[in-house]
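First the structure, in the form of structure tokens, and then the observations on it.
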Amino acid sequence: MHEDLSPETLAVTAGRPERRRGGPVNPPVVLSSTYVSSGPPVPGELLYARAGTETWQSFELALGALERSARPGIVFGSGMAAISATFSVLAAGSRVVVPRHAYQLTLALVADLRERTGLRVTSVDLADTEAVLAAVRGGAEGPAALLWVESPTNPMLEVADLPALVAGAHEVGALVAVDNTFATPLGQRPLTVGADLVVHSVTKYLAGHSDVVLGAVLADDEALHTRITAYRTLHGAIAGPWEVWLALRGLRTLALRVERSQASAAVLAARLVEHPAVAEVRHPSLPGDPGHARATALLDGYGSILGVRPHGGPQAADRVVEAVRLWVPATSLGGVESSLERRRRFATEAPTVPEDLLRLSVGIEDVEDLWRDLDQALRAGTSLVG
Ligand code: PLP
């Protein structure tokens with residue numbers, strides 16, 4: 001229905017109430033746990049707020065339009081609830097292929113499912129397309145049921161060749177699920193290249209103001225969409241109406257926020273490469289970055305997450321985090337405020353993530369203010385004078 005509009009426009013226009021004189025331009029927040037009803041339920045009828053609300057529907061329509069999905073999104077109480085719902089489509093004892101670097105709790109969930117339900121797990125370097133597809137085909141143990149993709153990956157920023165992975169996985173009947181949190185629907189729309197499932201931590205860029213925790217799943221296929229929706233109702237991991245309304249409000253400025261923060265991230269990345277206190281910088285905008293060519297070909301924009309390794313090891317990295325004044329030392333990402341953390345401070349982060357890696361989430365502040373603060377913190381943390 002929205003095919004002729006760009007994602008930037010859809011972020012503003014989709015999910016609005018029908019235009020009528022005297023009507024509101026925004027959907028109302030509806031605070032009601034139940035709806036007036038009697039007799040056998042009519043398909044699509046609102047009955048009870050664990051199964052669906054008007055406030056969800058507005059957000060779900062907007063997200064569905066942005067991801068160019070044939071169906072509305074399915075909103076959840078967190079990104080992890082959305083990810084758990086996605087893994088629920090697998091039969092017991094299935095095999096999944098997962099990136100060795102991905103959001104740490106996605107990998108923790110997979111490990112938990114392996115322990116408790118016999119899920120079989122193959123871990124791969126997502127940037128190595130041949131290795132991923134060999135793992136999906138599986139040789140003697142047979143093809144995987146699901147390939148899990150994050151692109152760019154959290155926190156290593158590896159970029160997957162998504163069209164090739166989808167084509168290869170579908171050849172052997174594997175489903176492909178993509179965590180599109182980092183790229184956002186402005187950067188890539190995985191359903192349009194054939195992915196079966198898309199998940200978001202709505203907490204991050206979509207909501208964009210670090211004031212809600214929410215998630216969402218998208219699926220074009222009717223059976224998958226019905227299954228995920230039923231999982232939400234059965235497991236009850238639902239979102240509150242206020243949070244979803246805030247996320248829709250945040251979504252309206254997605255394009256402005258993403259454009260600004262990406263532009264600033266590219267400026268900072270280029271300067272950080274030259275910084276005497278910095279040993280390594282990861283950002284797909286950098287011509288020397290391993291993900292550069294693929295991101296240029298496949299993504300609309302390089303994103304606003306940076307990986308930075310200061311000289312002096314993890315202790316120096318910790319001191320840099322302590323020394324910032326404008327940047328916020330905090331986990332999470334995708335908010336209007338710039339933040340940073342050393343990822344290996346979490347024992348659960350993948351051991352192949354360097355101990356001294358700082359993950360920076362660039363917000364929408366003035367880039368020169370961000371640079372000055374980062375520069376002084378890097379100098380202070382690594383004991384460089386001047
Ligand atoms: N996916 C990615 C890529 C994330 O970075 C995160 C959170 O950091 C999640 C999923 C989990 O989302 P939530 O924190 O909303 O449960």
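Every number in this text was worked out from the coordinates using simple rules, so none of it is lab data. Note that the structure is a prediction, hence the values are computed from the model and not measured. So basically every Cβ, Gly included, is an ideal-geometry build from the backbone, and we count neighbours across all protein chains shown.
Numbers for the structure displayed
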| item | result |
| --- | --- |
| Within the chain, helix-based [θ] at 222 nm, where runs of 4 or more DSSP H residues each add -39,500 (n - 2.57), nearest 500 | -11500 deg cm²/dmol |
| Efficiency of FRET between Glu54 and Ser383 - r from beta-carbon atoms, R0 41 angstrom, step 0.05 | 0.10 |
| Computed E for Gln315/Glu259 - FRET, C-beta separation, R0 35 angstrom, nearest 0.05 | 0.45 |
| For Ser32, Ser123, Ser285, order by how many other beta-carbon atoms lie within 10 Å, fewest first | Ser32, Ser123, Ser285 |
| Between 0 and 90°, nearest 10: helix 222-235 axis offset from the chain longest Cα axis | 80 |
| In sequence order, calculated HN-Hα J values of the range 170-187 (Karplus, 6.51, -1.76, 1.60; Hz; x Gly/Pro) | 5, 4, 10, x, 7, 7, 10, 10, 10, 7, 9, 4, 5, 6, 6, x, 7, x |
| Rounded tilt (10° steps) of 54-66 against the dominant C-alpha axis of the chain | 60 |
| Tilt relative to the chain, helix 104-117 - C-alpha long axis, 0 to 90 degrees, to 10 | 60 |
| Footprinting exposure proxy for Val166, Val362 (fewest neighbouring C-beta atoms within 10 Å first) | Val166, Val362 |
| Additional length obtainable on full extension of the chain from Thr192 to Arg249, 0.36 nm per residue less Cα span | 18.0 nm |
| Residues of the range 173-215 with amide N under 17 Å of the 7 Å Cα→Cβ point at Asp112 | 201, 214-215 |
| Exposure proxy ranking, count of Cβ atoms within 10 Å, fewest first, for Ser201, Ser88, Ser33, Ser383 | Ser33, Ser383, Ser88, Ser201 |
